[in-house]
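Shown next, in structure tokens, is the structure this report addresses.
The numbers here are math on the coordinates, done by the rules we state, and not lab data. Treat the numbers as computed from the prediction; the structure is a model and nothing was measured. All Cβ positions, even for glycine, are placed from backbone atoms using ideal geometry, and neighbour counts span all protein chains on display.
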Amino acid sequence: MNKQIIPKVILHEHVEGSITPFMAKKLADKNHLPFPDSLCYQIGDYNEIEYKNGRYNYDESDFVSFIQTYDTVSNFVKNPDDYYLITYDFLSRNAKQGLIYCELFLSPYHICATENQGKVVWDQARFQQTLNQMDKAIIDVQKEHNITVRYHVIGVRHLGAEVVYDTLHFIENNPHPFITGFNIAGNEKAGHFDDFEKAHQLAEKLNLKKSYHAGEIDSAESIIQALKHGANRIGHGIAAIEDDSLIKQLIDNEITLEIALTSNRILVNNLHGDIHNHPIRQLYDKGVRITLNTDDAGIFGTDIEKEYQLAEQAFHFSRLELFDITLCGIDAAFVESNEKTRLLNEVLSCFNNNDKRSLQQAINTNQYHPAIIARFKKYQDLLLQHVNG
Ligand SMILES: [Zn+2]
């Protein structure tokens, strides 16, 4: 990899949310579905440099208009081979920007469940065909780019505890080696983490690591509850900034937050549409492990390069700090330890002499939180082993 590019990690992207306007048009045409003119801005009406793959036309201050766009776009996905197109498009574009590791979230309920007389019916064949198509897309992207991908199964909380449990139970009968994570997503205000006790336990039995959406639109208490039920990571988690004892818990237990700046600006009312109100810098400076994520890249018109640039430009994250963010992502990845070690070494091999000097200076000046300094020292030790090994 080009040494000037910082290798990047995404721990949080919903596969259906990754559909860009151009891809949506392609799917609508392929599946002979009408494509409403009002869905996207017309060429010339938006900044084509900022939005390289088209721009959806929803009101960023109106949650309902966002959800309608999301639903319209999701409905263009009809067949398992549509998932090949989506997965290939998202991963190949981001891999060109330095993405080396990605966790994609998929919802079996949306992929293969139908309701028949009030009973949910799961279509095993359809699920397997869909995953085969996604696997094939990954293999094809890997022919050109060095990228590793794992999947999370999503339990949609507003569909109720029974459906969330049934989703995992379906995975128990349809396991896949790339499914390494269990995720609770959907409307954070629907239900309580206690309601999903059976699912928390089944995830453990299936050896799936847990990352739960919490503290995005709900309070710090939601994060506390997610942790109580064994969450290894937190999706968003920005409400942690309200609670110093929770911040200490996050640091002590090395819990990583999956921050998604553009998504949070649009969906989190407390930020009032202004990215500068985001607590990412305070969370990092207080020693919390954070990562940068795209969440619903296509719908939000973002990609991993934009998210790293936003962190750099709006919050002055230095190159060394961005390396740290990538390395925190690898450390928190739901992937086998040998692969983790390989990825870690790949990132460290991108440290140039200037980066090594910045690392040494950061350790010497001691201006960072002790948790960050501890990480920096670990990187330095590993870099020295590299030289000697
Ligand atoms: Zn999400």
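With N set to the number of residues, divide the alpha-carbon radius of gyration of the stretch 80-123 by 2.2 N^0.38 Å and report two decimals.
1.62
With the cut-off at 28 Å, report for the stretch 235-389 the share of all Cα pairs above it, as a whole percent.
20
Taking the Cβ-Cβ separation of ALA314 and GLU115 as r and a Förster radius of 41 Å, what is the calculated FRET efficiency to the nearest 0.05?
Once the sixth-power term is evaluated, E becomes 0.40.
To the nearest 0.05, what FRET efficiency results for GLU162 and GLU50 with a Förster distance of 51 Å applied to their C-beta separation?
0.75
Evaluate the distance, in nm, between pseudo-label points positioned 7 Å from the Cα of ILE373 and of GLU204 along their respective Cα→Cβ axes.
3.7
If you take the square roots of the eigenvalues of the alpha-carbon gyration tensor of the stretch 130-179 and sort them as a ≥ b ≥ c, do you get rounded (a/c under 1.5), prolate (a/b over b/c) or oblate?
It comes out prolate by the Cα gyration axes.
In square nanometres, what is one fourth of the surface area of the convex hull spanned by the alpha carbons of the stretch 70-201?
8.8
Quick check: pseudo-label points 7 Å beyond the Cα along Cα→Cβ at SER92 and GLU242, how many nm apart are they?
It works out to 4.4 nm between the two label points.
Starting from 0 in steps of 10 Å, tell me what percent of the Cα-Cα pairs of the stretch 3-99 lands in each bin.
Per 10 Å bin, starting at zero, the Cα-Cα P(r) for the stretch 3-99 comes out as 14, 43, 34, 8, 1 percent.
Extending each Cα 7 Å along its Cβ direction at ASN79 and ASN345, get the distance between those two points in nm, one decimal.
Rounded to a tenth, the inter-label distance reads 4.3 nm.
I need the phi-derived Karplus couplings for the stretch 201-216: 6.51 cos²θ - 1.76 cosθ + 1.60, θ = phi - 60°, integer Hz, Gly and Pro marked x.
These are the phi-based 3J(HN,Hα) values: 5, 5, 4, 5, 4, 7, 6, 8, 7, 10, 10, 10, 5, 7, x, 8 Hz.
From the mean inverse distance of alpha carbon pairs (Kirkwood) and the Cα radius of gyration, derive Rg over Rh for the stretch 95-168.
1.09
Just order 239-250, 296-307 by mean Cβ neighbour count inside 10 Å, highest at the front, would you?
Result, highest mean first: 296-307, 239-250.
Grab the DSSP H runs of the chain that are 4 residues or longer, score each as -39,500 (n - 2.57), total them, divide by all residues and round the 222 nm result to the nearest 500 deg cm²/dmol.
-14500 deg cm²/dmol
How many Å³ per residue does the convex hull of the Cα positions in the stretch 36-144 occupy?
Looking at the stretch 36-144, the number lands at 148 Å³ per residue.
Between ASN47, ASN94, ASN79, which gets the highest mean-square fluctuation from a Gaussian network model of the chain, Cα cutoff 10 Å?
In the Gaussian network model the winner is ASN47.
If neighbour count is taken as other Cβ atoms inside 10 Å, put CYS102, CYS328 in order from fewest to most.
Fewest-to-most Cβ neighbours within 10 Å comes out as CYS328, CYS102.
Which percent, nearest 5, of DSSP beta bridges in the chain are antiparallel?
Among the beta bridges of the chain, antiparallel pairing accounts for roughly 15 percent.
So if I average 1/r over every pair of distinct C-alpha atoms in the stretch 122-266 and take the inverse, what Kirkwood radius in Å does that give?
16.3
Over the Cα atoms of the stretch 319-389, what Rg and Dmax result, in angstrom?
12.0, 35
Which distance in Å, rounded to a whole number, links the C-alpha centroids of the stretch 59-129 and the stretch 252-282?
Cα centres, the stretch 59-129 to the stretch 252-282: 24 Å.
So which of LYS228/LYS340; LYS96/LYS340; LYS136/LYS189; LYS209/LYS286; LYS26/LYS189; LYS198/LYS286 end up more than 28 Å apart, counting from Cα to Cα?
LYS136/LYS189; LYS26/LYS189; LYS198/LYS286
Want the number for LEU384 to PHE22: 0.36 nm per residue separation, take away the alpha-carbon distance, what's left?
Roughly 125.7 nm would be gained on extension.
Any idea what diffusion coefficient the chain gets from Stokes-Einstein, in µm²/s, Kirkwood Rh on alpha carbon pairs, 20 °C, 1.002 mPa s?
My calculation gives 100 µm²/s for D.
When the gyration tensor of the stretch 233-326 is built from Cα positions, what are the square roots of 5 times its three eigenvalues, in whole Å, from largest to smallest?
One finds semi-axes of 20, 15, 12 Å for the stretch 233-326.
Given q = 0.17, 0.23, 0.25 Å⁻¹, what are the Debye log10 I(q)/I(0) values for the stretch 206-284, with equal point scatterers placed on the Cα positions and solvent ignored?
-0.60, -1.05, -1.20
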